[in-house]
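One structure below.
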Amino acid sequence: MSLHNEEALFLKKIEQEIKIEARDWMPEEYRKTLIRQISQHAHSEIVGMLPEGAWITRAPNLRRKLILLAKVQDEAGHGLYLYSSAETLGITRDELIHQLHTGKAKYSSIFNYPTLTWADIGAIGWLVDGAAIMNQVMLCRTSYGPYARAMVKICKEESFHQRQGYESLLALSKGSDQQKAMLQDAVNRWWWPSIMMFGPSDSESTNSEKSMLWKIKRQSNDDLRQRFVDATVDQANILGVTLPDPALKWNEARGHYDFGEINWDEFWNVVKGNGPCNKQRLAARVEAHEKGQWVRDAAMAYADKKKKRAA
Ligand code: FAQ
C-alpha cells in the first residue's frame with residue numbers, strides 16, 4: 001500500500017473509532033506523541049509512589065496501613081502496564097527509564113510537592129486521584145488500543161483510590177479540632193497543585209490540537225479542569241473544608257463554578273524541575289534503579305542459563 005493510502009486508512013480508523021494496534025501503520029508523529037504521553041504517564045505513577053510511600057510506616061492504624069500499601073502497589077502496577085503499552089510502540093523500557101533519570105521525560109507536576117502530615121495522604125486520594133480519574137476516564141477511549149485497554153483497569157483502581165482518600169478525610173472531619181485543622185491545611189496546600197495537574201490552559205497547550213485530532217486526548221485540559229472543579233465543590237462542603245480560592249463561585253449563566261487565576265509561573269517552575277521536591281524525587285528513583293541492578297543482572301544470567309540448557 002502506498003504511504004498516501006496507509007495514511008487514509010489510519011485516518012478512517014480514527015474517524016470510525018476503530019482502535020489503532022501496535023502492528024498497524026501509524027504516522028511517526030502519532031507514535032512519538034503516544035510514547036511521550038504514555039511514558040510520562042508511567043513515570044508519574046512510579047514517582048507518585050514516593051510521596052505516599054513516605055507514610056506507610058506512619059499510617060495511624062493497621063487498617064490505614066493496609067489500604068495505603070495496597071494503593072501504592074496499585075500505582076506500581078499502573079506504571080508497569082503503561083511502560084508495557086509504551087514498549088509496543090518500539091521503544092525499550094531501558095530507554096524510557098533513561099529519559100526519566102536524565103530529566104528528558106516529564107512526569108506529573110503534582111508529585112513534586114511534599115506530604116507533610118497524614119491528612120496529605122487523604123488529600124492525595126481525594127484530589128490527586130480525583131483529578132487523575134477525571135483526566136483518565138477519557139483515555140479508556142483513546143485511539144491506541146494497548147493504551148486504552150490499560151486505562152480501563154487503571155481507572156477502576158483509581159476510583160477506589162479516590163474513595164479511600166475521601167473516606168479517610170471524612171474520618172478526620174469528624175475528629176478533634178486538631179484533626180480538622182490538619183485536614184484544612186492539607187486541602188489548602190493540595191488544591192491548586194491538583195487543578196494544575198490538567199496541564200496548561202488550552203491556548204497554551206502545544207500538543208492538544210494534534211492529540212485531539214488523532215483522538216489520543218478526547219477532552220481538552222480546560223474542560224476537564226472545569227469538570228473537576230464542578231464535581232469537587234460539593235464534596236468539600238460535605239467535608240466542611242474551605243477550598244482556598246476566594247474567586248470560587250457558582251456562575252448560573254455558565255452552569256459552572258468560576259474559579260481564580262492559576263499561578264502558571266509556579267506550574268512551569270515545577271514542570272521545569274524547580275518544585276519543592278523535584279530533585280529529591282529523581283534522586284530516589286535513580287538510587288532505586290541502581291540498587292536494583294543486581295536483580296536485573298540475576299534475571300539476565302538466569303535467562304541465559306535457561307537458553308543454553310535448552311540448546
Ligand atoms: N505536569 O500540550 P500539553 C496519577 C507538559 S497519574 C508536568 O497540554 P499534553 C495517578 C506536557 O507534557 C498523573 N508536565 O500536553 C496517581 C507538555 O510538555 P512536553 C499523570 C505537564 O500531553 C495518583 C507541556 O506541558 N497523568 O496522578 C503537566 O497534551 C496518586 C504542554 O502541555 C497522566 O499523565 C503536568 N501536570 O497534555 C499516582 C495522564 N501538564 O511533553 C500516584 C495522561 C502538561 O510537550 C498517586 N496524560 N505538562 O514536553 C495526559 O492526559 C496529558 O499528557 C496531560 C497534558 C493532560 C497531562
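Bear in mind these aren't lab numbers, they're just calculated from the coordinates by the rules spelled out. A quick note: this is a predicted structure, and the numbers were derived from the prediction, not measured. Positions of Cβ are backbone-derived with ideal geometry, glycine not excepted, and every protein chain shown enters the neighbour counts.
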query = So Ala76 clears everything in (1) surrounded by fewer than 19 Cβ atoms within 10 Å (Cβ to Cβ); (2) over 30 Å from Pro244 (Cβ atoms); (3) more than 13 Å from the chain's Cα centre (by Cα) except one condition, right? Which one?
reply = (3)
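Restricting the range 190-232 to residues that are aromatic (Phe, Trp, Tyr) and not in a helix (DSSP H, G or I), which is nearest to the ligand (Cβ to nearest atom)? Before you say what the answer is, go through the steps one by one.
Kept after step one, since they are aromatic (Phe, Trp, Tyr), are these residues of the range 190-232: 190-192, 198, 214, 228.
The next check asks that each one be not in a helix (DSSP H, G or I); those that pass are 198, 214.
Working: Phe198: 6, Trp214: 11 Å.
My answer is Phe198.
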query = For the range 112-130, which residues satisfy the criterion of being within 7 Å of the ligand (Cβ to nearest atom) and in contact (Cβ under 8 Å) with a residue 60 or more places away in the chain?
reply = Ile124, Val128
request  = Determine if the range 174-188 includes at least one residue that is within 13 Å of the ligand (Cβ to nearest atom) and farther than 25 Å from Thr33 by Cα.
outcome  = no
